[in-house]
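Below is a structure I'd like to ask you about.
The values are calculated or read from the model by the stated rules, or taken from the named source; none is laboratory data. Just so it is clear, the structure is predicted and the values come from calculations on it, not from any experiment. Here the Cβ positions follow ideal geometry from the backbone for every residue, glycine too, while neighbour counts run over all protein chains shown.
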Amino acid sequence: MEIKLPTSAKLYIDKPYVKLYWDFKKKILTSAWTGFCTHDEILAIGQRIIDAVLIEGARKVLYDARGLEVLDASSQRYISGKFTIDMMESGVKVAAVVLPDDLFAQFTVNDIQKKLAMHGGAFVNYFEDLDKAISWLKVK
């Protein structure tokens, strides 16, 4: 899946498995995922996302997981635990997740979603359509 960056975007990460960019016009920090990542890569990307949130003063985050593949259990725990806490403490108010196309990756996201709900992760909303996720973030 080809990720097309908006013309108003500042690129933070450009890897085969993820692109991270800040859209100046929409004021949304987006990570667009394709393929598989190791746990170490997830940790590094998570820190870079938090850095970008702080640098840009981002309050809205979009996780485009349509091309994501299955995450290991350690990565799931990190995302639903420390990463989410760090994001909230960094100032993020709302996040939208576009669900993966891959059935097994959907199970992964569902597991993360359940863990987030247990930790009060109500600031996250889930979508099957990218445009709907962006529209929701725009009005938040």
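Hey, any hits in segment 78-94 for a residue that's on the phi > 0 side of the Ramachandran plot, surrounded by fewer than 20 Cβ atoms within 10 Å (Cβ to Cβ) and at pLDDT 95 or above?
At the first step, the residues of segment 78-94 found to be on the phi > 0 side of the Ramachandran plot are 91.
Within this subset, residues satisfying the condition of being surrounded by fewer than 20 Cβ atoms within 10 Å (Cβ to Cβ) are 91.
Among the residues that remain, those that are also at pLDDT 95 or above are: none.
No, because not a single residue in segment 78-94 is on the phi > 0 side of the Ramachandran plot, surrounded by fewer than 20 Cβ atoms within 10 Å (Cβ to Cβ) and at pLDDT 95 or above.
Follow-up. Condition first: closer than 18 Å to L137 by Cα and within 13 Å of the chain's Cα centre (by Cα). Can you find one or more residues in segment 32-40 that meet it?
yes
Output the number of residues of segment 1-49 satisfying the condition of being in a strand (DSSP E or B) and either of a type in the set (V, I, T) or on the phi > 0 side of the Ramachandran plot (or both). Before you say what the answer is, go through the steps one by one.
Step one: of segment 1-49, the residues in a strand (DSSP E or B) are 9-14, 18-23, 28-35.
Now drop any that are not either of a type in the set (V, I, T) or on the phi > 0 side of the Ramachandran plot (or both), which leaves 13, 18, 28, 30, 34-35.
Final tally of qualifying residues: 6.
Taking the conditions exactly as written (touching a strand residue (DSSP E or B) at 6+ places or on another chain (Cβ under 8 Å), at pLDDT below 95 and crowded, with 16+ Cβ neighbours inside 10 Å), does T34 satisfy them or not?
Values: touching a strand residue (DSSP E or B) at 6+ places or on another chain (Cβ under 8 Å): yes; at pLDDT below 95: yes; crowded, with 16+ Cβ neighbours inside 10 Å: yes.
Yes; evaluated as a whole, the condition is true for this residue.
Filter segment 1-17 down to residues that are among the hydrophobic types (A, V, I, L, M, F, W, C), closer than 21 Å to E69 by Cβ and at pLDDT below 95, then give me how many there are.
Let us first name the residues in segment 1-17 that are among the hydrophobic types (A, V, I, L, M, F, W, C), namely 1, 3, 5, 9, 11, 13.
From what's left, closer than 21 Å to E69 by Cβ: 1, 3, 13.
Still in the list and also at pLDDT below 95: 1, 3.
Residues in segment 1-17 being among the hydrophobic types (A, V, I, L, M, F, W, C), closer than 21 Å to E69 by Cβ and at pLDDT below 95: 2 in total.
For segment 43-54, indicate whether the set of residues that are surrounded by 14 or more Cβ atoms within 10 Å (Cβ to Cβ) and touching a His at 6+ places or on another chain (Cβ under 7 Å) is non-empty.
Initially, segment 43-54 is screened for residues surrounded by 14 or more Cβ atoms within 10 Å (Cβ to Cβ), giving 43-46, 48-50, 52-53.
Then drop every residue that is not touching a His at 6+ places or on another chain (Cβ under 7 Å), which leaves none.
No, the conditions are met nowhere in segment 43-54.
Could you tell me which residue of segment 1-31 is nearest to G91 (Cα to Cα), considering only residues that are exposed (fewer than 15 other Cβ atoms within 10 Å of the Cβ) and among the polar types (S, T, N, Q)?
Among those that are exposed (fewer than 15 other Cβ atoms within 10 Å of the Cβ) and among the polar types (S, T, N, Q), it is S8.
Let me ask something else. Scan segment 95-139 residue by residue and report those that are part of a loop (DSSP other than H, G, I, E, B) and at pLDDT below 90.
Narrowing segment 95-139 to residues part of a loop (DSSP other than H, G, I, E, B): 99-102, 119-123, 128-129, 139.
Once the filter is applied, which keeps residues that are part of a loop (DSSP other than H, G, I, E, B) and at pLDDT below 90, segment 95-139 yields L99, P100, D101, D102, H119, G120, G121, A122, F123.
Which residues, taken from segment 58-74, are touching a Gly at 6+ places or on another chain (Cβ under 7 Å) and part of a loop (DSSP other than H, G, I, E, B)?
Residues of segment 58-74 that are touching a Gly at 6+ places or on another chain (Cβ under 7 Å), as a first pass: 59, 67, 69.
Of everything in segment 58-74, those that are touching a Gly at 6+ places or on another chain (Cβ under 7 Å) and part of a loop (DSSP other than H, G, I, E, B) turn out to be R59, E69.
List every residue pair whose Cβ atoms sit under 6 Å apart, with the two residues 6 or more apart in sequence or on different chains, where the first one lies in segment 1-24 and is within 24 Å of D101 (Cβ to Cβ) and the second, anywhere, is in a loop (DSSP other than H, G, I, E, B) and among the polar types (S, T, N, Q).
D23/S8
Something else now. I'm checking my understanding of the structure. Among residues of segment 44-77 that are closer than 20 Å to P16 by Cα and among the polar types (S, T, N, Q), which one is modelled with the lowest pLDDT?
Only one residue fits best here, namely S75.
Residue check: is A58 under 18 Å from V139 (Cβ atoms), touching a helix residue (DSSP H, G or I) at 6+ places or on another chain (Cβ under 6 Å) and without any contact (Cβ under 8 Å) to a residue 60 or more places away in the chain? Even if it seems obvious, please write down each step before you answer.
Working: under 18 Å from V139 (Cβ atoms): yes; touching a helix residue (DSSP H, G or I) at 6+ places or on another chain (Cβ under 6 Å): no; without any contact (Cβ under 8 Å) to a residue 60 or more places away in the chain: yes.
Here the answer is no, as A58 does not meet what is asked.
Can I28 be described as within 18 Å of S135 (Cβ to Cβ), in contact with a helix residue (DSSP H, G or I) (Cβ under 9 Å, 6 or more places away or on another chain) and among the β-branched types (V, I, T)? Give the derivation first.
Working: within 18 Å of S135 (Cβ to Cβ): yes; in contact with a helix residue (DSSP H, G or I) (Cβ under 9 Å, 6 or more places away or on another chain): yes; among the β-branched types (V, I, T): yes.
Answer is yes for this residue.
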